[in-house]
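S.K.: I am attaching a structure below and will ask some questions about it afterwards.
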Amino acid sequence: MTDEKTFLLIETAVGCKEEVWDALTQCPHVSSADWVTGPYDIVAVVKQEDAQAIRQRLSGLALARGGLIRIVTCPIARQAT
């Protein structure tokens with residue numbers, strides 16, 4: 001079984017971007033998390049065999065940390081080699 005690569009587009013509440021980013025960078029399944037401009041505040045890349053587990057981890061993060069407005073999960077459908 002290969003690792004799935006999923007992009008997470010994260011919108012945070014005002015003043016919560018750094019706290020959410022810190023929490024993401026400490027998660028073992030997050031391979032990168034970057035601050036971005038535009039409609040989202042953070043784009044993270046997650047490697048996880050089970051996409052449902054990603055959602056559960058982020059739900060736990062939302063409850064524990066607060067400050068998350070929206071997370072859009074974008075699994076890779078096709079990747080160039």
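S.K.: If we keep just the residues of the range 35-44 that are out of contact with any helix residue (DSSP H, G or I) (no Cβ under 8 Å at 6 or more places or on another chain) and surrounded by 15 or more Cβ atoms within 10 Å (Cβ to Cβ), which is nearest to residue 76 (Cα to Cα)?
M.R.: Once the filter is applied, the top-ranked residue is 43.
S.K.: Limited to the range 12-34, what total is found for residues that are part of a strand (DSSP E or B) and surrounded by fewer than 17 Cβ atoms within 10 Å (Cβ to Cβ)?
M.R.: Within the range 12-34, residues that are part of a strand (DSSP E or B) and surrounded by fewer than 17 Cβ atoms within 10 Å (Cβ to Cβ) number 3.
S.K.: Right, another one. For residue 37, are the conditions met, namely being at pLDDT 70 or above, assigned to a loop (DSSP other than H, G, I, E, B) and out of contact with any Cys (no Cβ under 8 Å at 6 or more places or on another chain)?
M.R.: Taking the combined requirement at face value, the residue satisfies it.
S.K.: With the condition kept exactly as written, say whether any residue in the range 44-65 is of a type in the set (Gly, Ala, Ser), modelled with pLDDT of 80 or more and within 11 Å of residue 6 (Cα to Cα).
M.R.: Yes: one or more hits.
The values are calculated or read from the model by the stated rules, or taken from the named source; none is laboratory data. All values derive from a computational prediction rather than experimental measurement. For neighbour counting, all protein chains shown are included, and Cβ atoms are generated from backbone atoms with ideal geometry for every residue, glycine included.
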